[in-house]
Amino acid sequence: MTDITQEKRKLLRLAHKVPVEFRVLDNQQVLIPGVDQQRGQTRNVSTGGACIETEALNESTIRYLNQQNILLHVYFHLPLTHHPVPAVAQIAWYERIEGAAGVSYVLGLQFRSIKSGDAVALLRQSVRFKVLALAVLILTGIFVASLIYHFQIAKS
């Protein structure tokens, strides 16, 4: 477990939720028959991998999670793009989480193949989202402050 924790800290990870679809592959990167496509979203991404979360996994996919060297064919659906970003990733770890809302699964993925431009696009999307969120927060603060100032002057 300490190796996984150390691995998670080697690369900058940007938290951002991006819809993903994935299917299980065998060691030769061939889709495994009878295992359906799954859906989820990223928790965070880096140039080396991603952490994805899903609220549902079918039983055939769950069976493969416990095996060594399981690969996933992943499609990241970036907002404002016309095509998904494909990647092949190895499952580094996974966790089943039981909560009040039900069961969810979190999977740590290490990229095995992704175009460098696509990896950069994933990170760029996360940075854009963070900058946009910060800009909205700052503008909202300025707007609220100006309203307070306006009403203070109006009372005077």
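Every number here is computed from the coordinates shown, using simple stated rules; none is lab data. Computed from a prediction, not measured in an experiment: that's the story for all the values here. Ideal geometry is used to build each Cβ from the backbone, glycine not excepted, and the neighbour counts take in all protein chains shown.
Modelled spin-label separation between F151 and V120, with each label point placed 7 Å from Cα along the Cα-to-Cβ direction: 4.8 nm. With the highest mean first, a sort of the peptides 110-117, 72-79, 146-153 on other beta-carbon atoms found within 10 angstrom per residue produces 72-79, 110-117, 146-153. Any idea which of L72, V88, G40 is furthest toward the positive side of the dipole for the stretch 21-92, if Lys and Arg beta-carbons carry +1 and Asp and Glu beta-carbons -1? Of the candidates, V88 comes out farthest on the positive side.
At a Förster radius of 30 Å, what calculated FRET efficiency corresponds to the Cβ-Cβ distance of R23 and A100, to the nearest 0.05?
Values: r = 30 Å, r/R0 = 0.99.
Once rounded, the FRET efficiency stands at 0.50.
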